[in-house]
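The values are calculated or read from the model by the stated rules, or taken from the named source; none is laboratory data. Please read all numbers here as calculations on a predicted model, not as lab measurements. Methodologically, a virtual Cβ is constructed for each residue, glycine included, from the backbone with ideal geometry; neighbour enumeration extends over all protein chains shown. Side chains included, ligands, DNA and RNA excluded: accessible areas come from the protein's heavy atoms. Shrake-Rupley method; radii C 1.70, N 1.55, O 1.52, S 1.80 Å.
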Amino acid sequence: DRYYVNKNAQPNGDHEVHKEGCFWMPNHMNLTYLGTFSSCREPVTAAKRIYPRANGCMYCARLCHTS
């Protein structure tokens, strides 16, 4: 699956990582492409290099959602 991170932080400071096609994925202009991965763990790790407070989306990356 293709994963993206939201450039805009949530109110709690998290930058959410989304799987392509997620209903809650923001406008493409607000996304940074992370790559193709087989699970949510690797893209969240990659996103944390850009945004230390990256977190998986509660809906499309539930296993990696921590807050």
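Filtering the stretch 1-45 to residues that are over 12 Å from residue 64 (Cβ atoms) and of a type in the set (Phe, Trp, Tyr) leaves 4, 23, 24, 33.
Within the stretch 30-58, the residues that satisfy the criterion of being more than 18 Å from residue 12 (Cα to Cα) and either assigned to a loop (DSSP other than H, G, I, E, B) or basic (Lys, Arg) (or both) are 37, 38, 39, 40, 41, 49.
Only residues that are outside any loop (DSSP other than H, G, I, E, B) and open to solvent by 60 Å² or more (accessible area, probe 1.4 Å) were counted across the stretch 1-16, and they come to 1. For the stretch 22-64, enumerate the residues that are open to solvent by 90 Å² or more (accessible area, probe 1.4 Å) and in contact with a Phe, Trp or Tyr (Cβ under 6 Å, 6 or more places away or on another chain). Listed by number, the residues that qualify are 24, 33, 59.
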